[in-house]
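S.K.: One structure, as structure tokens, below. Some questions next.
The values are calculated or read from the model by the stated rules, or taken from the named source; none is laboratory data. Because the structure is predicted, anything quoted here is derived from the model rather than measured. Cβ coordinates were reconstructed from backbone atoms using ideal geometry, including for glycine residues, and neighbour counts include every protein chain displayed. To get the accessible areas, we keep the full protein, side chains included, count just its heavy atoms, and leave off ligands, DNA and RNA. Shrake-Rupley method; radii C 1.70, N 1.55, O 1.52, S 1.80 Å.
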Amino acid sequence: MASLSVKPGQRFTMPDWHNNSLRISADAEQQRYNSHHIRQEGRALRNETGNQAKWDEHNTRTCLNDRITSVDRWREILARCLTDIDLEIDALTKVKVAAENAIQAKNLCLDVAIECLTIRESRRDIDVVRDPVEEELLREVKVIEKTKKELQQRVDEAFKQLCLLKETHQQLSCDHRHKVETLELDRQCLSFNVTSGNISFKVNPTRIPDGTTALREWELNNQCNKDRAETELKASVDLRGAITLTIAQTNNELDAQRIATEFALRKRIRDMEGALSELRWQEQNTLAEIAEMEEEIRQLEESLRKRTLDLKVAHTRLETRTYRPHIELCRDQAQYGLTDEVQQLERTIRALQTKRTESQDALDALYRQLHRIQTDIGYKTNSLQLDNKCTDTRRKLVIPVEKFDPEVDAVSRTRNLPRNSQLEL
């Protein structure tokens with residue numbers, strides 16, 4: 001009978017088998033428990049990370065919205081500041097141009113005043129006097145130069161303020177442009193989602209770029225830009241007011257001085273006309289007195305001629321009577337009468353000659369006085385014409401130059417001047 005072959009190897013006992021089964025069952029239970037625990041943890045982690053991701057994304061969107069709102073608010077503030085600065089630059093430029101025009105207008109006033117002073121330098125002799133007109137003209141020149149200096153100072157201040165405004169405008173414009181770009185980028189970031197086609201992994205996205213600033217620094221920069229814009233705007237508004245006030249004050253001051261000068265000039269013309277009238281009246285009276293004195297001298301000479309003839313007759317009679325013969329050559333009453341007549345005639349002739357000399361001296365004095373009067377009339381006529389020319393010249397201050405037409409031109413003034421023959425004897 002054949003024998004059963006036994007497979008060689010280790011043989012386990014039943015307890016080993018039961019223990020192995022129990023161990024496998026226990027291991028299976030443990031693995032299922034571990035798997036269940038891991039599944040629960042995974043589910044919890046999924047829920048937690050999903051919720052955390054949603055909340056983080058929500059917080060990110062909220063922060064982006066808040067940031068966009070903040071940046072947009074500052075952008076609007078900067079835009080308003082830029083608009084205000086643009087308006088202020090235009091307003092200050094107009095005021096600056098007005099001040100420059102005022103300076104240009106003062107040049108005409110200064111030219112007129114200097115021209116009047118130059119014209120009045122043509123006065124002659126005693127009429128070259130430091131009268132109120134000259135004092136007012138010199139004062140007017142000083143006032144014009146002072147007002148021009150004040151206006152030029154305001155123009156320089158306006159130019160500097162315009163430079164500051166433009167510099168501020170450039171700075172605000174740059175900041176405004178950066179904020180517009182930032183808003184575009186943040187809005188683009190806000191629009192990104194998981195379905196966007198342009199999302200990808202980036203190299204070291206959490207790095208801090210060079211030039212990064214802190215939020216406090218950003219806010220301070222914005223506030224500083226706003227404060228500077230408001231400061232420059234306020235300074236510009238104050239400067240515009242000061243320039244306008246300076247223009248008004250200088251115009252009023254110059255108008256008052258111009259009125260004073262014209263009042264003095266008109267008064268001087270009236271005084272000159274009165275002096276001319278008085279001199280012409282004196283000239284007429286002197287001419288009349290000269291005529292009467294010449295007639296008186298002629299009468300004196302006629303009387304002197306007659307007394308000379310009478311003296312000749314008396315001398316002839318006395319001489320003839322000296323030829324009486326002998327005893328007839330006596331000193332009778334006729335002889336005494338002729339002698340007294342000769343003596344009286346000689347005294348009369350001497351008195352007439354003295355009077356004629358005095359009359360001639362008086363006539364010469366009258367001619368000298370007439371020459372002096374006529375010379376002074378010529379001086380004052382010249383001065384009056386010069387003052388009238390100054391009056392015509394000052395009409396440029398109230399009449400446009402293109403419409404200015406002097407009442408009396410230089411030719412007619414020259415023709416109206418007294419001739420040299422009128423000033424000579």
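S.K.: If I fit a long axis through the Cα atoms of helix 132-191 and take the longest principal axis of the Cα atoms of the chain, what angle between them do I get, 0 to 90°, rounded to 10?
M.R.: Here the helix axis deviates by roughly 10 degrees.
S.K.: Report the FRET efficiency, 1/(1 + (r/R0)^6), for T49 and F12, where r is their Cβ-Cβ distance and R0 is 41 Å, rounded to 0.05. Don't jump to the answer; show the numbers that get you there.
M.R.: On the way: r = 49 Å, r/R0 = 1.18.
Between T49 and F12 the formula returns 0.25.
S.K.: For the range 217-225, just list the computed ³J(HN,Hα) in residue order, Karplus coefficients 6.51, -1.76 and 1.60, θ = phi - 60°, integers in Hz, with x standing in for Gly and Pro.
M.R.: In residue order, the calculated couplings are 5, 4, 5, 5, 5, 4, 5, 5, 4 Hz.
S.K.: In terms of solvent-accessible area of protein heavy atoms at a 1.4 angstrom probe, what is the ranking of I38, I103, highest value first? Before the final figure, lay out each step's value.
M.R.: On the way: I38 110, I103 20 Å².
Ranking I38, I103 by accessible area, largest first, yields I38, I103.
S.K.: Still on this structure, please answer the following. Label-point separation (nm) for T195 and A105, each offset 7 Å from Cα along Cα-to-Cβ?
M.R.: Simple spin-label model gives 7.2 nm for this pair.
S.K.: Counting only protein heavy atoms and a 1.4 Å probe, tell me what percentage of the chain's accessible area is made up of carbon and sulfur. Intermediate values should be presented prior to the final figure.
M.R.: Numbers: 15720 of 28700 Å².
C and S fraction of accessible area: 55 percent.
S.K.: Is the shape of the chain best called rounded, prolate or oblate, per the rule: a/c under 1.5 gives rounded, else a/b larger than b/c gives prolate, else oblate, with a ≥ b ≥ c the square roots of the Cα gyration tensor eigenvalues?
M.R.: prolate
S.K.: So what are the range 269-327's ellipsoid semi-axes, whole angstrom, largest first, if each one is the square root of 5 times an eigenvalue of the alpha-carbon gyration tensor? Let's see the in-between values first.
M.R.: Working: eigenvalues 632, 7, 3 Å².
Result for the range 269-327: semi-axes of 56, 6, 4 Å.
S.K.: Could you work out Rg/(2.2 N^0.38 Å) for the range 186-334, with Rg from alpha carbons only? Write down the numbers at each step before the final one.
M.R.: Details: Rg = 58.7 Å, N = 149, 2.2 N^0.38 = 14.7 Å.
Cα-based Rg divided by the globular estimate yields 3.98.
S.K.: Which ³J(HN,Hα) values, rounded to whole Hz and listed in residue order, are derived for the range 292-308 from phi using the Karplus coefficients 6.51, -1.76 and 1.60 in 6.51 cos²θ - 1.76 cosθ + 1.60 with θ = phi - 60°, glycine and proline given as x?
M.R.: 5, 5, 4, 5, 5, 4, 4, 5, 4, 5, 5, 5, 5, 4, 5, 5, 5
S.K.: With only Lys, Arg, Asp and Glu charged, each at its Cβ (+1 for the first two, -1 for the last two), find how big the charge dipole of the range 91-175 is about the Cα centre; round to the nearest 20 debye.
M.R.: 280 debye
S.K.: What's the FRET efficiency of D210 with A26 using the Cβ-Cβ distance as r and R₀ = 60 Å, to the nearest 0.05? It would help to have the intermediate numbers written out before the result.
M.R.: Details: r = 62 Å, r/R0 = 1.03.
Rounded to the nearest 0.05, the efficiency is 0.45.
S.K.: Residues with amide H under 5 Å of R123's amide H, sequence separation 5 or more or different chain, H placed in the peptide plane at 1.01 Å from N; which?
M.R.: Close amide H contacts, sequence-distant or interchain: none at all.
S.K.: Okay, moving on. For the range 1-144, treating each Cα as an identical point scatterer without solvent, what Debye log10 I(q)/I(0) comes out at q = 0.10, 0.12 1/Å?
M.R.: The Debye formula, applied to the Cα set alone, gives -0.81, -0.90.
S.K.: Taking only protein heavy atoms into account and a 1.4 Å probe, give the accessible area per residue of the chain in Å². Write out the running numbers ahead of the final one.
M.R.: On the way: 28700 Å² over 425 residues.
It amounts to 68 Å² per residue over the chain.
S.K.: Could you give the longest part of the chain that holds none of the chymotrypsin sites (Phe, Trp or Tyr not before Pro) found in DSSP loops with at most 15 neighbouring Cβ atoms within 10 Å?
M.R.: Details: sites that count: F12, F192, F201, Y323, F404.
With chymotrypsin sites (Phe, Trp or Tyr not before Pro) excluded where exposed in loops, the chain gives 13-191 as its longest stretch.
S.K.: For the range 267-284, just list the computed ³J(HN,Hα) in residue order, Karplus coefficients 6.51, -1.76 and 1.60, θ = phi - 60°, integers in Hz, with x standing in for Gly and Pro.
M.R.: Values, residue by residue: 5, 5, 5, 5, 5, 5, 5, x, 5, 5, 4, 4, 5, 5, 5, 5, 4, 4 Hz.
S.K.: Looking at the range 124-243, I'd like the Rg to Rh ratio, where Rg is from alpha-carbon atoms and Rh is Kirkwood's inverse mean 1/r.
M.R.: Details: Rg = 30.1 Å, Rh = 20.7 Å.
Ratio value, two decimals: 1.45.
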